[in-house]
Structures are given as C-alpha cells and as structure tokens.
1. Kirkwood hydrodynamic radius, region 54-133, all distinct C-alpha pairs: what's the number in Å?
2. Using a Gaussian network for the chain with springs between C-alpha atoms less than 10 Å apart, which of these wobbles most: GLY59, GLY118, GLY167?
3. Please report TYR81, TYR198, TYR138 as a ranked list, fewest other C-beta atoms within 10 angstrom at the top and most at the bottom.
4. To make sure I understand, if each residue's beta carbon is the centre and we count other beta carbons within 10 Å, what order do GLU144, GLU93 fall in, fewest to most?
5. Could you tell me the center-to-center distance, by alpha carbons, between region 118-146 and region 49-88 in angstrom?
6. I want the antiparallel fraction of DSSP beta bridges within the chain, as a percent rounded to 5.
7. What is the extension gain from ASP43 to GLN64, computed as 0.36 nm multiplied by their sequence separation minus the C-alpha to C-alpha distance, in nm to one decimal?
8. Using only the alpha-carbon atoms, how far is helix 165-174 inclined from the longest principal axis of the chain? Give it as 0 to 90 degrees, nearest 10.
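Each value in this text was obtained by applying a stated rule to the coordinates, not by laboratory testing. Quick caveat, the model's predicted, so the values are computed rather than measured. Glycine also receives a Cβ, built like all others from the backbone with ideal geometry; neighbour counts cover every protein chain displayed.
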Amino acid sequence: MLACIALIWSLSCPLVVTAGGPLTLAAASDLRFALEEIIHEWDAQHPQENVRVIYGSSGRFATQIRQGAPFDLYMSADAEYAVALHQDGFTAEPPQPYAIGRIVLWSRDRQLAEAGLGELAVTRPKRLAIARPSHAPYGARAQEALLASGVWATVEPTLVYGENISGTAQMAESGAADAAIIALSLALHPDMQRQGHYRLIDDSLHSLLLQAMVVTRRARDNRSAHRLAQFILAPEAQLILQKYGFAAPPESLDLPAP
C-alpha cells in the first residue's frame, strides 16, 4: 500500500522523466503511464534524441507556453488549448489529435464505485475528488457528467479538488477522498486496479475529451520535435495509448474552436 501511495503521490505534482537531451515535452498527466512506454520505445529507436517529459495540467501548461516556457512539444488533454495556442501564433503547425480520453468513477469501495454517478445522491461519499475544472480538462468533464446525471447539487458540498488528474487519483487512493472521477488511463494501471474499483462513465454525459498535441513555435526548426510528434501518431504508439483506454480520434474529426 505504501509503495502504491508513493507512486500516485508522485503524480500529483509536475513530474520530470529524463535521460538528458534537447527535447522537452509538456504532457497532460493522464498520459503518465502510456507515455512512459511510448518514450521508452522512442529512446530505443532514437538513442541520440532523448526526451524530457514534464507532466501536469493542460491549462497551466498552455499558460506557461504563452509566457515563454521552454517546451518543444505540448500534449494537451483538451484540443481547445492547443487550438487556441495555434491561433495565437505559439505553435509551429496546426494541432494534431492523438487520442480520445474517457473518465471513470474510482473508489476503494467496490459498491460505491460500481453504483455509478447516478447513485451518488444515495451512496453519498463524504469526499468526492475531481480535478479542478478551471484548468484540468478531466475536471471539466467530471463537472459536466455530474450536472448531466442530476447529482451536482447533492455532491458539490463534498467536492475536493486536485490540481491535475493524477493528484485527483492520489486523493482517492490514499483515502483523502472516498471516491474520485479520474482518467480511465490511470484507473487501468495495475496498482490502481489492485487498490480499488472503477466504473466507466457514459461519454454521452460530457463533451468529447479530444486530446491534441502541437510542436511549439520554439521548436519550429527542430527536426527531432517533428519526428517525435509523428512517432506518437504512428501505429506502434497508438497501440500503447489504446492499451491504456484511449480511443483513436476519427480521421475526419474537426478540431473544436477555442
């Protein structure tokens, strides 16, 4: 248990994974486990082009890019942040959708998790964790789903907020919250599955979690950055994303307006 808590606690704050190298990738924290595998494959195939990955909330990263943060690639959990950066001239090229995310209700209590959102007015957890909707896309979708399920008014007084989706998962795993609405990609990690239970939330209850990435303006002429972006879109990386519950975006899907 302590090892699992330490693992998830490490996800509650921006995390750097690096072997040294010129590329810096700012990634939404729902990607933590999937991207770790993808970068491992990248390193094996491109040993001279190492990548530093920083995990955190999509909204905060978008703000930091506008302020000049030295990121070469940005993988957002919400395409709208990437689209807005492109329209304002902070990217080297248009955003590229790479995945569609899903949300789940997770709890150490099997009955609470499996009852689902619609029963939260009955199961009444003392503390329900969601990511902060103002800058975390998964938090915004959690709020939408709670409203659509008709339980928002009941659970709002019990809500506790994580700064990103990894921090939200840690709250429930550690016992700081009785349940949490988190990314399916985190719920599928073996440690989370051993410690608790989850139920997939109907995606008709919230707007699409279309995730997109951009090469930043800073990396316009960095060939390695463009190669990494294409690597993430290639079949090998897409299979890893699908293993962690992400769906591939339809080829004809239009990016949303910011």
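1. For region 54-133, inverting the mean 1/r across all distinct Cα pairs yields 15.4 Å.
2. Residue with maximal mean-square fluctuation among GLY59, GLY118, GLY167: GLY118.
3. Numbers: TYR81 27, TYR198 24, TYR138 35.
Listed from fewest to most nearby Cβ atoms, that is TYR198, TYR81, TYR138.
4. On the way: GLU144 16, GLU93 13.
Listed from fewest to most nearby Cβ atoms, that is GLU93, GLU144.
5. 25 Å
6. DSSP beta bridges in the chain are roughly 60 percent antiparallel.
7. 4.9 nm
8. 40 degrees
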